[in-house]
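**Student:** Take this structure, written in structure tokens, and hold onto it; I'll ask about it next.
The values are calculated or read from the model by the stated rules, or taken from the named source; none is laboratory data. These numbers come from a predicted model, not from an experiment. Cβ placement follows ideal geometry from the backbone for every residue including glycine, while neighbour counts extend to all protein chains displayed.
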Amino acid sequence: MDGTARQHHVVVGGSAAGIAAALSMRQHGFQGRVTVVEAGGELPYERPPLSKALTEADPAFARPIVPESVYTEQRVDLRLGTRVLALEPASRAVVLDDGRTLHADRVLLATGVIPLTLSVPGAGLTGVVTLRDARDARVLAARLRRGGPLVVVGGGFIGLEVAAVAREAGLDVTVAELGALPLEGPLGAVLAQRVTDLHRGAGVRLRTGVSVAAFTGSGEVSGVRLTTGEVLAAATVVVGVGVRPDTSLAERAGVRCDRGIVVDQYCRTSEPWILAAGDVTNQPHPLLTARGRIEHWDNAQRQGAVAGAVMAGAPRPHTALPYFYSEQFGMTLQMYGRPCPDDEFVLRRDDPAASDGGFLGFWTRRNTLVAAAGMNRPGDLRAARVLIERRVRVDAPALASSATDLRALARAPMPSCTPERPVASSAATTPATPGREENQ
Ligand SMILES: Cc1cc2nc3c(=O)[nH]c(=O)nc-3n(C[C@H](O)[C@H](O)[C@H](O)COP(=O)(O)OP(=O)(O)OC[C@H]3O[C@@H](n4cnc5c(N)ncnc54)[C@H](O)[C@@H]3O)c2cc1C
């Protein structure tokens, strides 16, 4: 019998990171018991469709991460509709809200994040909503079916995706954003302006440099009073102003937290029997200058898979380059890496395919490519990812020129992409299929 057969591993949170971890334990030969405890009552599902399918005729919000049969085949005990109330380090007990207690040799915390709300008058009115789970999506979809106006507070990814689908469905939509431009934080001013133009061109109204003073209405929301004094009419308000990591269990169990559960590249926390993965973690990364949270689907499932391997006794570090995608008005925005304010930004000029509204931008640090983002440019971005991971030296004019074939450079054998060598230019490129990054 395998030495792990008598062990019991408990995963708290059955979403992208937790399910990836549970399945990864089996892939790496763990023979013991695996239990996933999930507070939500539905078979674990993907969250990205929640903001994209809101106005579909028959939206399937709870698209399973894997079919139910996989849990049986892989001997993963799913405890749905069950919340973990506490972890007791002395006895390694996991206390559940159904009155039971599990003994765990090791625990993985994959508890994710909680949407922030606004503490202003009227915040409790019906129709002022956030979007994090399938139940939120069903409520919001039903409200959007009744029509607008829709006000989105916060021009982040989720807010802009909701704005896009609502506008495509013909609703009157206004986005109220605190910053100078939506998405300026992750994308920088130049690319954020492109995304803003896309929304404005589709008829989304935008108010920038504003915050919310109050939500107005009696029982139901009917308006949003901005800090400028303007009142926007609203039948529904989506508040998308950020999230906070759900560290409550970790903190009570004595795990070190600092704007997230602090982990190393192996998902280990300050408590040897507790690991953590996904949106809730504050993680280091070899290609980033600072630790932080990476609140994207790709990171959650890759980091979860690493945690599962570590728990199965097959440790490997989490090194995947941060990646996200977002879909707005039929276009796919993607980004690899995470630039710093001091990095040099380069916009690709003379893009022969720019008539589709797409674009491509790069960030370099000491002539090394560190991040790339684009709209409807998946092939170029996959190539840029390879160049970033290889820490290839590349000069800004080459990146700016559409004559530089990134895919050819990425296909080049390693010696020609060594860090000290600048890249050369060659033929132009054509985009491939957009969408999610494929799993490694
Ligand atoms: C509407 C929406 C759209 C998105 N779109 C994109 C996108 O287009 N691209 C992209 O890259 N990313 C997107 N994301 C982000 C992506 O979905 C997240 O990065 C990913 O879901 C994080 O997974 P996770 O497992 O770390 O945490 P979560 O998905 O937050 O799951 C945490 C789980 O833990 C459970 N839990 C918490 N505490 C307990 C407890 N005490 N006991 C039991 N269970 C508990 C919760 O119920 C929850 O199910 C989107 C997110 C949302 C909400």
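**Student:** With respect to the numbered conditions (1) more than 15 Å from the ligand (Cβ to nearest atom); (2) under 23 Å from residue 249 (Cβ atoms), which one is the sole condition not fulfilled by residue 39?
**Tutor:** (1)
**Student:** Among the listed residues 174, 196, 126, 228, identify the single one that is surrounded by fewer than 19 Cβ atoms within 10 Å (Cβ to Cβ), among the polar types (S, T, N, Q) and within 23 Å of residue 54 (Cβ to Cβ). Steps first, please.
**Tutor:** Numbers: 174 fails: surrounded by fewer than 19 Cβ atoms within 10 Å (Cβ to Cβ); 196 fails: surrounded by fewer than 19 Cβ atoms within 10 Å (Cβ to Cβ); 228 fails: within 23 Å of residue 54 (Cβ to Cβ).
So the residue among 174, 196, 126, 228 that is surrounded by fewer than 19 Cβ atoms within 10 Å (Cβ to Cβ), among the polar types (S, T, N, Q) and within 23 Å of residue 54 (Cβ to Cβ) is 126.
**Student:** When you scan segment 261-273, how many residues do you find that are surrounded by 24 or more Cβ atoms within 10 Å (Cβ to Cβ) and either touching a helix residue (DSSP H, G or I) at 6+ places or on another chain (Cβ under 7 Å) or among the small types (Gly, Ala, Ser) (or both)?
**Tutor:** Just the residues of segment 261-273 that are surrounded by 24 or more Cβ atoms within 10 Å (Cβ to Cβ), to begin with: 261, 263, 267.
Next cut, either touching a helix residue (DSSP H, G or I) at 6+ places or on another chain (Cβ under 7 Å) or among the small types (Gly, Ala, Ser) (or both) only: 261, 267.
The qualifying residues number 2.
This table checks each residue for (1) assigned to a loop (DSSP other than H, G, I, E, B); (2) more than 23 Å from the chain's Cα centre (by Cα); (3) farther than 30 Å from residue 62 by Cα; (4) at pLDDT 95 or above.
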| site | (1), (2), (3), (4) |
| --- | --- |
| 135 | no, no, no, yes |
| 151 | no, no, no, yes |
| 165 | no, no, no, yes |
| 176 | no, no, no, yes |
| 179 | yes, no, yes, yes |
| 193 | no, no, yes, yes |
| 199 | no, no, no, yes |
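**Student:** Continuing with the same structure: Taking interchain pairs and intrachain pairs at least six residues apart, which have beta carbon atoms under 6 angstrom, with the first residue in segment 394-408 and closer than 15 Å to residue 365 by Cα and the second assigned to a loop (DSSP other than H, G, I, E, B) and among the aliphatic types (A, V, I, L, M)?
**Tutor:** Listed pairs, sorted by first residue: 394/423; 398/423.
**Student:** List every residue pair whose Cβ atoms sit under 7 Å apart, with the two residues 6 or more apart in sequence or on different chains, where the first one lies in segment 23-43 and is closer than 25 Å to residue 98 by Cβ and the second, anywhere, is among the acidic types (Asp, Glu) and within 16 Å of the ligand (Cβ to nearest atom).
**Tutor:** Close Cβ pairs (under 7 Å, with a partner that is among the acidic types (Asp, Glu) and within 16 Å of the ligand (Cβ to nearest atom)) amount to 33/77; 34/77; 35/77; 40/133.
Matching residues to (1) within 15 Å of the ligand (Cβ to nearest atom); (2) more than 18 Å from residue 250 (Cα to Cα); (3) in contact with a Pro (Cβ under 6 Å, 6 or more places away or on another chain):
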| position | (1), (2), (3) |
| --- | --- |
| 43 | yes, yes, yes |
| 79 | yes, yes, no |
| 82 | yes, no, no |
| 86 | yes, no, no |
| 115 | yes, yes, no |
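**Student:** I'd like to know if segment 259-270 contains one or more residues that are at negative phi, hydroxyl-bearing (Ser, Thr, Tyr) and within 15 Å of the ligand (Cβ to nearest atom).
**Tutor:** Residues of segment 259-270 that are at negative phi, as a first pass: 261-266, 268-270.
In the following step, the residues that additionally are hydroxyl-bearing (Ser, Thr, Tyr) were identified as 266, 269-270.
So of that shortlist, the ones also within 15 Å of the ligand (Cβ to nearest atom) come out as 269.
Checked segment 259-270: at least one residue is at negative phi, hydroxyl-bearing (Ser, Thr, Tyr) and within 15 Å of the ligand (Cβ to nearest atom).
**Student:** When you check residue 82 against the structure, is it among the β-branched types (Val, Ile, Thr) and touching a Gly at 6+ places or on another chain (Cβ under 6 Å), yes or no? Walk me through it before giving the result.
**Tutor:** On the way: among the β-branched types (Val, Ile, Thr): yes; touching a Gly at 6+ places or on another chain (Cβ under 6 Å): no.
For residue 82, the condition - among the β-branched types (Val, Ile, Thr) and touching a Gly at 6+ places or on another chain (Cβ under 6 Å) - is not met.
**Student:** Could you tell me whether residue 228 is in a loop (DSSP other than H, G, I, E, B) and either touching a Phe, Trp or Tyr at 6+ places or on another chain (Cβ under 8 Å) or on the phi < 0 side of the Ramachandran plot (or both)? Steps first, please.
**Tutor:** Working: in a loop (DSSP other than H, G, I, E, B): yes; either touching a Phe, Trp or Tyr at 6+ places or on another chain (Cβ under 8 Å) or on the phi < 0 side of the Ramachandran plot (or both): yes.
The answer is yes for residue 228.
**Student:** Yes or no: segment 281-291 includes at least one residue that is in the same structural domain as residue 16 (by TED's automatic domain parsing) and within 11 Å of the ligand (Cβ to nearest atom).
**Tutor:** Residues of segment 281-291 in the same structural domain as residue 16 (by TED's automatic domain parsing): 281-291.
Cutting the leftovers down to within 11 Å of the ligand (Cβ to nearest atom) gives us 281.
Yes; the residues of segment 281-291 include at least one that is in the same structural domain as residue 16 (by TED's automatic domain parsing) and within 11 Å of the ligand (Cβ to nearest atom).
**Student:** Tally the residues that are loosely packed, with under 15 Cβ neighbours inside 10 Å and within 15 Å of the ligand (Cβ to nearest atom), restricting the search to segment 101-113. Give the derivation first.
**Tutor:** As a first pass, look at segment 101-113 and keep what is loosely packed, with under 15 Cβ neighbours inside 10 Å: 101, 103.
If we keep only those that are within 15 Å of the ligand (Cβ to nearest atom) as well, we get 101.
Summing the residues that are loosely packed, with under 15 Cβ neighbours inside 10 Å and within 15 Å of the ligand (Cβ to nearest atom) in segment 101-113 gives 1.
**Student:** Hey, another quick one. What is the residue count in segment 292-320 for residues that are more than 12 Å from the ligand (Cβ to nearest atom) and buried (at least 24 other Cβ atoms within 10 Å of the Cβ)?
**Tutor:** Restricting attention to segment 292-320, the residues satisfying the condition of being more than 12 Å from the ligand (Cβ to nearest atom) are 292, 306, 308-320.
Restricting the remaining residues to those that are buried (at least 24 other Cβ atoms within 10 Å of the Cβ) gives 306, 308, 310-311, 318.
Selection size over segment 292-320: 5.
**Student:** When residues of segment 231-270 are filtered for being in a loop (DSSP other than H, G, I, E, B) and aliphatic (A, V, I, L, M), how many remain? Even if it seems obvious, please write down each step before you answer.
**Tutor:** Narrowing segment 231-270 to residues in a loop (DSSP other than H, G, I, E, B): 234-235, 240-242, 246-247, 253-256, 258-260, 263-267, 269-270.
Filter again for aliphatic (A, V, I, L, M), leaving 234-235, 241, 253, 255, 263.
Looking only at that region, the number is 6.
**Student:** Separate question: Can you name the number of the only condition in (1) in contact (Cβ under 8 Å) with a residue 24 or more places away in the chain; (2) within 16 Å of the ligand (Cβ to nearest atom); (3) not aromatic (Phe, Trp, Tyr) that residue 60 fails?
**Tutor:** (1)
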